[in-house]
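Peer 1: Here it is: the structure, laid out below.
The values are calculated or read from the model by the stated rules, or taken from the named source; none is laboratory data. Predicted model only: the values in this text are computed from it and were never measured. Using ideal geometry, Cβ is built from the backbone for each residue, glycine included, and neighbour counts are taken over all protein chains shown.
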Amino acid sequence: MKWTKPKGHGKSKVDWAGDILISETSLGKEIDDALDVLDNWRAIHKYPLHIFKKRLKSVSEKIDNESLAVQRLKRLPSIIKKLQRRYYGNEPTMKLPQMQDIAGCRAVMPNVELAKKLYKEGYIHGDLKHKKVNEKDYITNPKEDGYRSIHLIYRYKSDKEGKKDYNGLLVEVQIRSKLQHLWATAIETVDFFTRQAIKSNEGRKEWVDFFKLVSSAFALVENTPLVPNTPTNALELYSQIKKREEELQVIKVMSGWTQAIRVFSETSREKPNLKFFLLELDILREKLNITGYSRGQEDKAISDYAQAEKRNQGKKEYDVVLVGVDAANDLEKAYPNYFADTKEFLDNLKRILSKA
């Protein structure tokens, strides 16, 4: 494979590109130039990412052949959103050259014991020549929002000719259990369909609280530390999860979304001219109505969406959303095991509810 080479942009130029792309005063030519810099900056991470993912796959499969190793380059909208955080005070020093997760690979292990084994024995120890520059164990110390995983940041280093061009680039390695992965995938699903950003700590309180509680329940299963500020008594924890599930109708709503994504995929293959889908989910009767629109019908799609929202305003038993096919495809690409993951999350949630 032919790997992208750096175009010679220094870190100050990369920094400039990030500033241009989040500035409200940037003009067309500036934006085009900045995108060219960003595209190259992201693309040159492909080779180091390939090396790290290859090693991660090898060592994780030696520990357990049911492990899953995947990789991804951060999408442009996600990069822009992360850069914008410094304006909101969330990450005031965030700059494009310092962003640690432009390139990331992840190992999903069957259980938390194997995830810890990979972390302690398989990946960070041994003959790895790349420098580890950061390490966060969010399993031992879960985030306030319930996120649990292990993050390792490495700075790529090679003495080989042709590969020295990539020296200094950062790659993020994540290690998590299957249960932790199901939780994270469920959040991606909710964010996608409700246009929230729970993953970025910008979600609605009722959903944020629900996922924090579920994360603690999963931690009990794995015999790992609970999420801060959640009940330590198991019965109280399960009771609160049940209460919030009933308020949000999580099982019925997420089941409907899963069905919708399947319809998107099948319809897109059969009718590639359809570009938008209007979803109307009747939660009580568990009925899902999907209307497709071609590219030229965008205005009608938006109008029908507004009417559906108005028609169902204040009705908690209805869920209405307009989805673009490209966005749905992005979700599938990012989570190829989407259907299985969502079903498994709901199966685990039902087991928790049965204890309440």
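Peer 1: Taking the condition of being in contact with a strand residue (DSSP E or B) (Cβ under 6 Å, 6 or more places away or on another chain), part of a helix (DSSP H, G or I) and more than 27 Å from V208 (Cβ to Cβ), how many residues in the range 138-193 meet it?
Peer 2: Result for the range 138-193: 0.
Peer 1: Anything in the range 141-171 that is over 18 Å from R72 (Cβ atoms) and crowded, with 20+ Cβ neighbours inside 10 Å? List them, or say none.
Peer 2: P142, G146, R148
Peer 1: Please go through the range 209-243 and pick out each residue that is under 16 Å from W183 (Cα atoms) and among the basic types (K, R).
Peer 2: Passing the criteria: only K212.
Peer 1: Continuing with this model, one more query. Would a scan of the range 247-260 turn up a residue that is more than 30 Å from E222 (Cβ to Cβ) and either modelled with pLDDT of 95 or more or out of contact with any Asp or Glu (no Cβ under 9 Å at 6 or more places or on another chain) (or both)?
Peer 2: Taking every residue of the range 247-260 in turn, at least one turns out to be more than 30 Å from E222 (Cβ to Cβ) and either modelled with pLDDT of 95 or more or out of contact with any Asp or Glu (no Cβ under 9 Å at 6 or more places or on another chain) (or both).
Peer 1: Kindly evaluate I187 against the criterion of being of a type in the set (V, I, T), assigned by TED's automatic domain parsing to the domain that holds L226 and crowded, with 20+ Cβ neighbours inside 10 Å. Don't jump to the end; show me each part of the working.
Peer 2: Working: of a type in the set (V, I, T): yes; assigned by TED's automatic domain parsing to the domain that holds L226: yes; crowded, with 20+ Cβ neighbours inside 10 Å: yes.
Yes.
Peer 1: Which members of the range 283-292 meet the condition of being at pLDDT 75 or above and within 18 Å of R311 (Cβ to Cβ)? Spell out how you get there, then give the answer.
Peer 2: Just the residues of the range 283-292 that are at pLDDT 75 or above, to begin with: 289-292.
The answer is N289, I290, T291.
Peer 1: On to the next question. Could you check the range 211-234 and list, in sequence order, the residues that are of a type in the set (G, A, S) and in contact with a Leu (Cβ under 7 Å, 6 or more places away or on another chain)?
Peer 2: Across the range 211-234, the qualifying residues are S216, A217, A219, A234.
Peer 1: Of all the residues that make up the range 221-236, how many are surrounded by 16 or more Cβ atoms within 10 Å (Cβ to Cβ) and either over 15 Å from E206 (Cα atoms) or of a type in the set (D, E, K, R) (or both)?
Peer 2: 5
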